[in-house]
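The values are calculated or read from the model by the stated rules, or taken from the named source; none is laboratory data. The model shown is predicted, which means the values in this text are computed figures rather than measured ones. With ideal geometry, Cβ positions are generated from the backbone for all residues, glycine too; neighbour counts draw on all protein chains shown.
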Amino acid sequence: MAHQSLYRIHRPATFSDVVGQEQVTKPLEEAAKSKSIGHAYLFAGSRGLGKTSVARIFAAAIGCTGNDLYEIDAASNNSVEDIRTLTEGVYTLPFNSTYKVYILDEVHMLSKGAWNAFLKTLEEPPAHAVFILATTELEKVPETVQSRCQVFEFKKPNRSMLAKMVAAVAQKEGYALAADASDLISMLAGGSYRDALSVLQKVIAGTDDTSISREVVEAATGAPKREQVHALLAALSAKDQAKALTAVETAAKGGADMKLYLELVLEALRTVLLVRYAPDLRSQLEAEFGSDELTALDKFAKAEGITHKTLLAFLTAADRIRYAPILALPLELAVLELFSVA
C-alpha cells in the first residue's frame, strides 16, 4: 500500500482543527449551527491554505454525507459541456442528505462559455444545492459570479504559525524538531501549510534520527547552509570587502538557491540589529531561532560593522534579484556599494 502524505494524514477534520483561518471558520461554523445556509460560497487564497479541507468540513457540518458530496477539478472540467452535465445533475434530490454540495476547485479556470452556462444555476439553484467554489486567483473570477457568492478570503500563515504547526505534526509522527529546524522548514514552505508538511516529509524520509536539527533540514532540502550565511556576515562585520565577495561567490558556486540565500542573509542581518538595539526581544528571538544561532549572531552584534545601511543594501538587492540575469550579482553589487567611497 502506498504511503500516505503527511498533508493527507494531518488534514483538519473539524473547524477547530483549522489553524489561522478564524475569519473563515467562525462565520461558517455559526451558519451551520443556525442552519442559515447560503447557496453559493467562494473560497479564495493561495495554494495550500486549506480551502478544500474547509469546504469538506463545512459540507459535513451542514449534513452532507459522502454520497452527496461532489468534488470537481474545474481546471480539467472547464468546458460548457462539463458545466451542463453538472447542472443537470444538480436538480436531482440528494441520496440521504439534507444538501448536495458541489466543490469546484480552481474555478477561475472555467471558460467564458462555461461561466455563462453556470450563472443561471448559480443564481437560482434548487434548495438542496450548495456550491463551494475555490480559487487561487480571485481576480479571474467574474464579478457577476462573485456577486452571487459569499466570498471568504484565506490568509497566508506567518512563519511562526507554520513553524508551530510543523513542530506539532513532527511530534505526532515521533520526531523532535529543533526550533531553528522548524523555522527553516516554514521559510521553505512559502506560506503554504501543504508545502510545509511536504518539506517535513522529505526531511523525515532523509534521516534515521528522531531528533532533527537545522543541519538535517539543510541536507535534505538543499537549503543554503547556515555557515554560508555566517561567512558573509563575518566579512561584513569585519568590513572586509574581498572576503564578503568570496562568501557570495562560494555560496553561488556551491549551488545555493541565491534567492533563499539572500532571504536568510536579510533575516540574519535584521536579527543582528535587533539583538544590538532591542535586547528586550532576545527571549522572543531565541524561541524563534534557537539559542545556538543567537549566540553565533551575538559576536556580529557586538562588532558594530553591520549597520542599518548594511541591511538597506541587501534589501535593495532583494528587489534587484527578481530581474537579475546572474542571481549572485545583486548581492555582489550590495557589497561593492557598501564599501565604495562616497
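Some points to look at:
- Scan of region 109-145 for residues that are part of a helix (DSSP H, G or I), in contact with a strand residue (DSSP E or B) (Cβ under 7 Å, 6 or more places away or on another chain) and modelled with pLDDT of 95 or more, ordered by number: 138
- The set of residues from region 188-236 being of a type in the set (Gly, Ala, Ser), assigned to a helix (DSSP H, G or I) and surrounded by fewer than 21 Cβ atoms within 10 Å (Cβ to Cβ) comprises 198, 205, 219, 220, 231, 234, 235.
- Residue check, residue 161 in contact with a Phe, Trp or Tyr (Cβ under 8 Å, 6 or more places away or on another chain) and among the aliphatic types (A, V, I, L, M): no
- Residue count, region 13-53 (criterion: surrounded by 15 or more Cβ atoms within 10 Å (Cβ to Cβ) and either within 16 Å of the chain's Cα centre (by Cα) or in contact (Cβ under 8 Å) with a residue 60 or more places away in the chain (or both)): 20
- For region 292-334, a residue qualifies if it is among the β-branched types (Val, Ile, Thr) and within 18 Å of residue 227 (Cα to Cα), and the qualifying residues are 295, 306.
- Restricting region 237-263 to residues that are assigned to a helix (DSSP H, G or I) and charged (D, E, K, R), the residue that is surrounded by the fewest Cβ atoms within 10 Å (Cβ to Cβ): 253
- Subset of region 303-318 (residues that are in contact (Cβ under 8 Å) with a residue 24 or more places away in the chain and in a helix (DSSP H, G or I)): 303, 308, 309, 310, 311, 313, 314, 315, 317, 318
- Flag if residue 200 is outside the structural domain of residue 54 (by TED's automatic domain parsing) and under 23 Å from residue 271 (Cβ atoms): no
- Residue check, residue 213 free of Cβ contacts under 8 Å to residues at least 60 places away in the same chain and under 26 Å from residue 284 (Cβ atoms): yes
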